[in-house]
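Below is one structure; the comments refer to it alone.
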Amino acid sequence: MTSTTTTTTTTDSAPDTLTPETGIALFARWTAMWNGDFSEPERFLDPDFRIRFGNTPDGAETDDIHGPAAVVDYIARFRASYPALHYAMDGTPLVDAGQRGAATRWYVKGEDASGAGLAKSGIDLIEVREGRIVTVWSVTGHRRFAA
């Protein structure tokens with residue numbers, strides 16, 4: 001008897017377990033959304049999506065954000081205030097299939113609202129359910145991590 005193993009590398013289907021490939025693809029899609037790609041968030045964000053910031057963004061009631069549409073609205077408003085920012089993952093995400101989660105460092109560079117140069121880093125932790133992000137815990141630092 002021969003056994004076949006299939007690895008899901010996109011977020012189009014709902015795998016029972018989180019694979020490294022799926023975790024990396026989810027973070028890539030999450031980062032793309034912060035860069036303004038708001039296409040089909042329901043494909044990678046769970047209907048019960050929540051974001052939890054370790055620090056409070058200026059004037060944002062982020063604990064009230066529920067679901068893909070609400071986070072798209074929040075990020076779109078944020079990007080309208082800071083259109084020159086570019087986000088990127090800083091290394092390869094670490095995936096823990098047993099905990100259904102993953103973590104990655106990220107950085108943002110560009111200009112703040114006054115036109116001054118900006119470079120910061122952060123860490124995001126995600127919880128994954130049925131192949132989609134259900135919760136993000138995000139902490140932003142005040143400078144870029146040292147290389």
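Kindly establish whether Thr104 is modelled with pLDDT of 95 or more, within 21 Å of Leu26 (Cα to Cα) and β-branched (Val, Ile, Thr).
yes
Run down Arg129, Arg144 and say which single residue is open to solvent by 80 Å² or more (accessible area, probe 1.4 Å), touching a residue at least 40 places away in the same chain (Cβ under 8 Å) and not hydroxyl-bearing (Ser, Thr, Tyr). Show your work before the answer.
Numbers: Arg144 fails: touching a residue at least 40 places away in the same chain (Cβ under 8 Å).
Exactly one of Arg129, Arg144 is open to solvent by 80 Å² or more (accessible area, probe 1.4 Å), touching a residue at least 40 places away in the same chain (Cβ under 8 Å) and not hydroxyl-bearing (Ser, Thr, Tyr), namely Arg129.
One line per residue, one yes/no per condition, for (1) of a type outside the set (Lys, Arg); (2) in a helix (DSSP H, G or I); (3) open to solvent by 20 Å² or more (accessible area, probe 1.4 Å); (4) more than 24 Å from Tyr82 (Cα to Cα):
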| site | (1), (2), (3), (4) |
| --- | --- |
| Ile24 | yes, yes, yes, yes |
| Phe27 | yes, yes, no, no |
| Thr31 | yes, yes, yes, no |
| Ser39 | yes, no, yes, no |
| Ile51 | yes, no, no, no |
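Hey, among Ile51, Ile123, which residue is under 14 Å from the mean Cα position of the chain (by Cα), at pLDDT below 95 and β-branched (Val, Ile, Thr)? Steps first, answer last, please.
Working: Ile123 fails: at pLDDT below 95.
One residue alone meets the criteria, Ile51.
If you go through region 63-115 one residue at a time, how many are assigned to a loop (DSSP other than H, G, I, E, B), within 19 Å of Asn35 (Cβ to Cβ) and open to solvent by less than 90 Å² (accessible area, probe 1.4 Å)?
Qualifying residue count for the region: 9.
Quick check on my filter: what residues within region 116-126 are aliphatic (A, V, I, L, M) and either without any contact (Cβ under 8 Å) to a residue 60 or more places away in the chain or loosely packed, with under 14 Cβ neighbours inside 10 Å (or both)?
Our first condition is that a residue be aliphatic (A, V, I, L, M); within region 116-126, this holds for 116, 118-119, 123, 125-126.
If the condition is that a residue be aliphatic (A, V, I, L, M) and either without any contact (Cβ under 8 Å) to a residue 60 or more places away in the chain or loosely packed, with under 14 Cβ neighbours inside 10 Å (or both), then Ala116, Leu118, Ala119, Ile123, Leu125 are the ones that fit.
The values are calculated or read from the model by the stated rules, or taken from the named source; none is laboratory data. Predicted model only: the values in this text are computed from it and were never measured. Positions of Cβ are backbone-derived with ideal geometry, glycine not excepted, and every protein chain shown enters the neighbour counts. SASA here: full protein model, heavy atoms, side chains in, ligands and nucleic acids out. Shrake-Rupley method; radii C 1.70, N 1.55, O 1.52, S 1.80 Å.
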